[in-house]
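Quick note: the coordinates plus some simple rules give every number you see, no bench work behind them. Predicted model only: the values in this text are computed from it and were never measured. Methodologically, a virtual Cβ is constructed for each residue, glycine included, from the backbone with ideal geometry; neighbour enumeration extends over all protein chains shown.
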Ligand code: SF4
């Protein structure tokens with residue numbers, strides 16, 4: 001190679017024993033750092049090899065950022081507001097721009113309104129554009145006014161599929177000091193399923209929107225050198241089993257041993273039996289198995305994938321040459337050092353489903369009946385399927401899985417079978433290329449004959465945008481969803497459904513034919529219109545058949561052509577939008593409002609104070625509890641607020657679509673019916689006890705009363721606070737409620753980082769904290785005393801005046817996080833940096 005690169009193996013004798021993911025981090029610190037910091041980072045990573053774990057922190061510089069429309073809108077709103085703040089301080093607003101490429105996929109807002117009709121995709125995208133027009137116009141402003149921001153319009157696909165098929169280079173080049181460097185394509189995304197791209201050898205993981213803003217403004221990601229769990233794969237997948245089944249098995253196994261935010265890397269001879277498509281399915285579910293990555297190193301299958309998706313031969317050659325030269329090339333016989341090793345024999349994996357409430361509850365596909373009866377606490381024989389959705393980047397990005405569903409549909413159709421009455425069917429591939437290969441093989445017609453017409457290219461049912469439930473559904477019978485997604489928490493798929501199974505696309509079709517989620521599909525045959533009995537094994541396509549159909553329908557050029565055509569979307573480009581350096585806020589808008597926290601004056605929330613608990617919550621509070629994404633209920637206070645401002649109570653859209661409006665999101669905080677607040681256990685949704693008055697009132701009102709009285713507030717919770725989606729609004733909502741610290745037994749990784757990003761101190765309780773109404777909490781967290789993982793003095797002051805010290809630790813991982821908390825969070829930190837670096841004319845100082 002003529003270009004410069006870091007000779008990774010030459011950095012130390014132990015490099016070959018490091019997990020490949022850590023070799024990529026090693027390359028990064030060796031290239032982006034200098035002097036003593038560089039030496040210390042390299043030494044720390046090499047030292048990891050001796051113990052398989054480390055407490056040391058390193059700073060890593062990704063090369064790009066990926067976002068979706070719901071996480072990017074608030075981030076871009078923040079940038080617009082920060083530009084205002086700069087202008088108000090006499091600085092040039094246009095000087096504030098991301099310094100890394102930022103790709104935004106508009107994929108999260110597509111809903112399944114129309115289905116089982118050939119024009120469903122067209123109707124749904126029209127509905128989406130109408131419903132989200134103001135937000136989308138704002139995104140168009142951002143793409144015109146902010147350097148480096150690229151928006152991929154509706155119809156271009158799901159972010160992680162776009163990443164696999166279009167954005168990922170695996171190995172890239174960059175200019176540094178006038179020289180051209182070859183570097184790994186290390187990236188971050190504001191979505192927990194970002195590690196899907198680990199399936200093709202790109203190291204990437206999910207971060208909160210706030211952490212992403214830090215990175216896009218040129219600051220590094222600071223992380224402790226992660227523990228790496230090695231998953232050793234042996235054997236070969238048994239006939240009939242699919243990549244989805246591996247993903248569900250890995251999820252179950254790793255959840256059993258408990259992985260929390262660590263890196264996972266796959267190794268061993270079984271890896272070589274998997275295609276890059278298979279690997280990406282398994283990598284995608286990293287958050288479900290509790291990991292930040294599910295890394296598969298680069299090998300011949302990676303190159304094959306790049307070729308199959310139309311990548312340039314010179315770029316593919318560079319990937320191979322670089323990976324082989326720098327020790328990143330996969331060796332199936334190597335056994336690097338890992339923190340822990342789990343072994344999985346691929347040949348032992350059978351056709352599976354997971355549910356009905358958690359993705360880790362895998363079971364054989366024919367045992368759903370007992371699982372449903374147990375979960376529902378009912379002896380009900382039948383559980384009607386309300387939704388059968390082939391959905392999600394997880395299982396629609398690999399052509400093999402969609403082809404398998406099509407082949408099953410073809411046989412079912414030939415056997416005279418049809419989908420049961422009352423099942424809402426949909427097919428939402430991650431990429432518009434899918435329409436091309438399905439059509440080339442004619443499988444689109446077979447799927448369509450069973451109601452699986454393409455409803456669009458976006459997240460749809462996977463994110464809960466499943467649209468209305470089918471009419472005539474008997475809700476007394478506990479309807480169930482079957483989907484090829486990755487999450488099935490109660491209410492995730494649809495607010496009225498609390499039972500759902502995750503499965504491969506062909507199994508979704510099979511269950512749709514049965515219409516009953518409790519049906520034993522192994523033993524009970526389907527009955528055709530003419531009375532013929534057909535068993536699932538007769539419908540299930542053979543592996544060779546799937547491979548042959550995939551190979552004959554595949555055309556590498558499809559990927560680029562379909563993407564470019566969708567990117568050219570005339571309806572998107574026809575949306576009128578502003579173009580100035582500052583965004584002109586519409587004072588009447590109920591979608592976009594300038595947020596108060598994106599300003600230089602935000603101020604630190606650290607200090608020594610005595611606080612009222614605003615809420616006292618239990619274990620497993622998810623970010624969905626803290627800041628819902630689902631439909632805004634017409635009978636809620638949020639609805640009243642919007643109706644007062646001229647909105648139609650019957651068309652309020654989902655909470656996620658209002659994340660550009662802090663006034664709505666403040667009222668949406670903790671709007672979840674299943675949340676129990678020990679201060680007021682029977683309170684209406686999103687209410688709490690205002691202790692001084694003894695009244696139970698809306699949370700936002702209680703927060704306002706405390707604020708006016710000058711009383712600080714904190715929040716108390718149990719274990720795993722903030723699990724679920726990476727959602728910076730969960731932290732922003734708490735900041736708007738005035739919460740200065742969250743005291744919890746443990747935190748989920750991304751939410752903890754988001755709390756810090758919003759200037760809220762996360763405190764890890766080392767024992768139990770039983771708070772009763774009237775108790776107050778004294779916290780001594782002065783800015784100059786705060787250190788990473790330092791003990792913090794916390795005292796519970798009982799209503800009767802008695803005092804009880806509570807052992808607690810600052811859940812602050814790095815010195816950089818301490819600085820963020822001192823500045824009041826990421827946004828004031830970026831602004832304060834900008835004011836330090838710029839003079840009033842906007843010139844670099
Ligand atoms: S399809 Fe599902 S998992 Fe994939 S990005 Fe969308 S919401 Fe996330």
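Quick notes on this structure:
- Ordering of 184-193, 553-562 by burial proxy (mean other Cβ atoms within 10 Å per residue, highest first): 184-193, 553-562
- Alpha-carbon centroid distance for the pair region 569-627 / region 7-86, whole angstrom: 28 Å
- Region 765-813 and region 267-303 have their alpha-carbon centroids 43 Å apart.
- Subtracting the Cα-Cα distance of residue 414 and residue 321 from their residue separation scaled by 0.36 nm leaves 28.6 nm.
- Cα centroid separation, region 628-663 to region 115-146: 19 Å.
- For the pair residue 55 and residue 122, the difference between a 0.36 nm per residue extended length and the Cα-Cα distance amounts to 18.9 nm.
- Gyration tensor (alpha-carbon) shape descriptor, region 324-371, a/c threshold 1.5: prolate
- The relative contact order of region 339-433, computed from alpha carbon pairs under 8 Å that lie at least 6 residues apart in sequence, is 26 percent.
- For peptides 274-283, 691-700, sequence by mean Cβ density within 10 Å, most packed first: 274-283, 691-700
- Stretched out straight at 0.36 nm per residue, the stretch from residue 701 to residue 47 would grow longer than its current Cα-Cα span by 230.2 nm.
- Between residue 719 and residue 551, the simple spin-label model (points 7 angstrom out along Cα→Cβ) gives 5.0 nm.
- FRET efficiency for residue 348 and residue 380, using Cβ-Cβ distance with R0 set to 41 Å, rounded to 0.05: 0.80
- With both labels modelled 7 Å from their Cα along Cα-to-Cβ, the residue 421 to residue 532 distance reads 2.4 nm.
- Computed E for residue 335/residue 708 - FRET, C-beta separation, R0 45 angstrom, nearest 0.05: 0.10
- Computed FRET value (nearest 0.05) for residue 608 with residue 36, which takes r as the C-beta separation and R₀ as 45 Å: 0.80
- For a paramagnetic label modelled on residue 314 (point 7 Å from Cα along Cα→Cβ), amide N atoms under 20 Å away belong, within region 1-21, to 1-5.
- Inter-label distance, residue 768 to residue 676: 1.4 nm, where each label sits 7 Å from its Cα along the C-beta direction.
- Label point at residue 3 placed 7 Å out along Cα→Cβ; residues across region 186-204 whose backbone nitrogen lies under 16 Å: 186-187, 202-203
- Protection proxy ranking, peptides 703-709, 443-449, average beta carbon neighbours within 10 Å, highest first: 443-449, 703-709
- The chain - percent relative contact order, Cα under 8 Å, separation 6 or more: 14 percent
- Those residues of region 39-65 whose amide nitrogen sits under 17 Å from the label point placed on residue 257, 7 Å along Cα→Cβ: 51-54
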